[in-house]
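Peer 1: One structure, as structure tokens, below. Some questions next.
The values are calculated or read from the model by the stated rules, or taken from the named source; none is laboratory data. What you see is a predicted model; the values in this text were computed from it and never measured. Methodologically, a virtual Cβ is constructed for each residue, glycine included, from the backbone with ideal geometry; neighbour enumeration extends over all protein chains shown.
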Amino acid sequence: MRVMVIIKANKDSEAGVLPDGKFLTEMGKYNEELVKAGVMLAGEGLYPSSKGVRVRFSGGKSTVIDGPFTETKELIAGFWLWQVKTLEEAVEWVKRCPSPDNMSPDVEGEIEIRQVFEAEDFGAEFTPELREQEERLRAEIDELNKKKS
Amino acid sequence: MTTSDTHRVIDAVWRIESARIIAGLARILRDVGLAEELAQDALVAALEKWPESGVPDNPGAWLTAVAKHRAIDLLRKSKLIERKHEDLGRELEAEQFMASTNFDTDAEDDVGDDLLRLVFTACHPVLSSDARIALTLRLLGGLSTDEIARAFLVPEPTVAQRIVRAKRTLTEAHVPFEVPRGDALAARLASVLQVIYLIFNEGYTATAGDNWMRPALCEEALRLGRILAELTPKEPEVHGLVALMEIQASRARARTGPSGEPILLFDQNRAHWDQLLIRRGLGALKRAEQLGGTLGPYALQAAITACHARARTPDETDWPRIAALYDALAQIAPSPVVDLNRAVALSMAFGPSVGLELVDALTAEPSLKNYHLLPSVRGDLLVKLGRFDEAVVEFKRAAALTRNARERELLLERAAGCVRDSA
């Protein structure tokens, strides 16, 4: 399954305070570990909400609201997309993440894991599907070469 | 936390840690089979203890420590029995091994080297193809025998036996736990890549059975490929294989309609292609190309797949480039199947009659005699030329040759379609 791992904002990230070097090094190592384990699909860090906007839809009209937004704990500071087998695997990986609260004592960190909706494609009972002829041919090159050799 | 919750956590920890634990043990014990058994013992210990004691803070270190203790015990016992000098040396190494309480303190490079040794051992040519696949999924993927059996639709005892035999073969053949060097490396790496791609293909286009896709196998192959790409970042073919799998996997959700009916490549809604996987695939292909040299068979196949991925509509497909890539492929990996593909590409670039001429030349090829895609392609081309009566025969022939129920259905439908069109 694919999960989105959401790093919640805190007052430092919202203030645009960059993490210290030690934290960045640890985070770099952690990211590398995720790549090496074949778990990491993508990941990005976000600017504070002061650089963001919201578009609110109401009564058939849309209104643009400039950041920053106040409810810090509801905001996000970054995300990863991971490929894991189970939600528990994602939890185990998140537990290994360098804790953002190391940065300063009065900062709390929170990371949320959400499953990406993949509808019909990766369920246990995958619906039967059929070939892409041209593609299938290529897929069998190895097979045939193997039989020949 | 209930026992079943704990078991799920243990499964997750096992998936993350097992390959590293087995690889580390195998370095000390010089026996992959034994290493795997000791790692399994540690897993059993966790299944017994953790539901009561709770999951330790560092579960990976716990498993590693238990497995290492068993390894040391074993080495001491064998030392008592044999008293060989080499064992003393080995025990020294083992003591150092013990001193590191968990693998995090081992240099990352060492862990990587051990994993790579494990990859090459599991895919050793002394093993049959089936054995390599089973052992790779078991040792590197951390899959249970039952999971492997279900993925390959074979009884569990068959897989269990396959693994036991494979481990015995490795021991009897004295296969060293090492990364091959020099000239041997290329051939051995090819074997590793083949194993991974066979796993992927087994999931992507099942060769038998009613279901066409078993996504767990695709995901496992992709994971193994991605891991290998980081272990051997300078091998272009590894990136080529990863690129090929990423791009093929990107089409997974576009390949089936709402009621499970098949959708061919050119009828697929390209908006359903997974752009993240395409981007990853194109990135991996770029890594392969940037390493320089002539592209290998996987990178070339990836480049062909990339031509489709880049085309926003079927009309935008760069067929002349695809045909040229098949030319290159035919030169380094000559095969009638590649020729057949080349014929398809050329027919798309320059018209069905060009393709048909090439395909007709292949009908005499003995290795394609029972290959259902030859009549299937021929049928396609005949339809395009309006020769429906001949096409019916080809589709029926192809349907009789395929082992896959779904594909047979599609081919028979196409045959029926030809009858309608010619009427």
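Peer 1: Which one of B:D57, B:D11 is more than 15 Å from B:L140 (Cα to Cα) and within 14 Å of another protein chain (Cβ to nearest Cβ)?
Peer 2: B:D57
Peer 1: Please give the number of the condition B:L38 fails out of (1) in contact with a Lys or Arg (Cβ under 8 Å, 6 or more places away or on another chain); (2) not in a helix (DSSP H, G or I).
Peer 2: (2)
Peer 1: Could you count how many residues in the range B:257-275 are facing chain A (nearest Cβ under 8 Å) and under 18 Å from B:T313 (Cα atoms)?
Peer 2: Total meeting the criteria: 4.
Peer 1: Looking only at the range A:5-24, count how many residues are buried (at least 18 other Cβ atoms within 10 Å of the Cβ) and either over 23 Å from A:G67 (Cα atoms) or not small (G, A, S) (or both).
Peer 2: The total comes to 7.
Peer 1: Name the helices (runs of 4 or more DSSP H) wholly within the range B:354-423 that hold at least 2 residues that are within 14 Å of chain A (Cβ to nearest Cβ) and either farther than 18 Å from B:A343 by Cβ or in contact with a His (Cβ under 8 Å, 6 or more places away or on another chain) (or both)?
Peer 2: Helices (runs of 4 or more DSSP H) meeting the threshold: B:388-401, B:405-422.
Peer 1: Given the condition outside any helix (DSSP H, G or I), modelled with pLDDT of 95 or more, within 13 Å of another protein chain (Cβ to nearest Cβ) and under 24 Å from A:W80 (Cβ atoms), answer yes or no: does some residue in the range B:233-245 qualify?
Peer 2: yes
Peer 1: Which count do you get for residues in the range A:25-36 that are touching a residue at least 40 places away in the same chain (Cβ under 8 Å), of a type in the set (A, V, I, L, M) and either loosely packed, with under 11 Cβ neighbours inside 10 Å or within 14 Å of chain B (Cβ to nearest Cβ) (or both)?
Peer 2: Counting residues in the range A:25-36 that are touching a residue at least 40 places away in the same chain (Cβ under 8 Å), of a type in the set (A, V, I, L, M) and either loosely packed, with under 11 Cβ neighbours inside 10 Å or within 14 Å of chain B (Cβ to nearest Cβ) (or both) gives 1.
Peer 1: Can you find a residue in the range B:203-221 that is of a type in the set (A, V, I, L, M), buried (at least 24 other Cβ atoms within 10 Å of the Cβ), in a helix (DSSP H, G or I) and modelled with pLDDT of 95 or more?
Peer 2: Checked against the condition, which is being of a type in the set (A, V, I, L, M), buried (at least 24 other Cβ atoms within 10 Å of the Cβ), in a helix (DSSP H, G or I) and modelled with pLDDT of 95 or more, the range B:203-221 yields at least one hit.
Peer 1: Can you tell me which residue among B:Q275, B:Q301 is touching a residue at least 12 places away in the same chain (Cβ under 8 Å) and surrounded by 24 or more Cβ atoms within 10 Å (Cβ to Cβ)?
Peer 2: The conditions single out B:Q301.
Peer 1: Tally up the residues in the range B:46-75 that are among the polar types (S, T, N, Q), within 22 Å of B:T3 (Cβ to Cβ) and either buried (at least 18 other Cβ atoms within 10 Å of the Cβ) or touching a residue at least 12 places away in the same chain (Cβ under 8 Å) (or both), please.
Peer 2: 1
Peer 1: Hey, can you tell me all the residues within the range B:396-423 that are buried (at least 20 other Cβ atoms within 10 Å of the Cβ), in contact with a Pro (Cβ under 7 Å, 6 or more places away or on another chain) and within 14 Å of B:D380 (Cβ to Cβ)?
Peer 2: Listed by number, the residues that qualify are B:A398, B:L410.
Peer 1: Would you mind finding the one in B:R287, B:R280 that is crowded, with 17+ Cβ neighbours inside 10 Å, within 28 Å of A:E118 (Cβ to Cβ) and more than 9 Å from every other protein chain (Cβ to nearest Cβ)?
Peer 2: B:R287
Peer 1: Could you name every one of the helices (runs of 4 or more DSSP H) located completely within the range A:49-149 that has at least 1 residues being away from every other protein chain (no Cβ under 14 Å), at pLDDT 55 or above and crowded, with 19+ Cβ neighbours inside 10 Å?
Peer 2: Passing ranges: none, list empty.
Peer 1: Considering only the range B:122-146, state which residues are in contact (Cβ under 8 Å) with a residue 24 or more places away in the chain and of a type in the set (D, E).
Peer 2: B:D130
Peer 1: Considering every residue within the range B:318-332, establish whether at least one is closer than 28 Å to B:A400 by Cβ and either surrounded by fewer than 20 Cβ atoms within 10 Å (Cβ to Cβ) or of a type outside the set (K, R) (or both).
Peer 2: Yes, the conditions are met somewhere in the range B:318-332.
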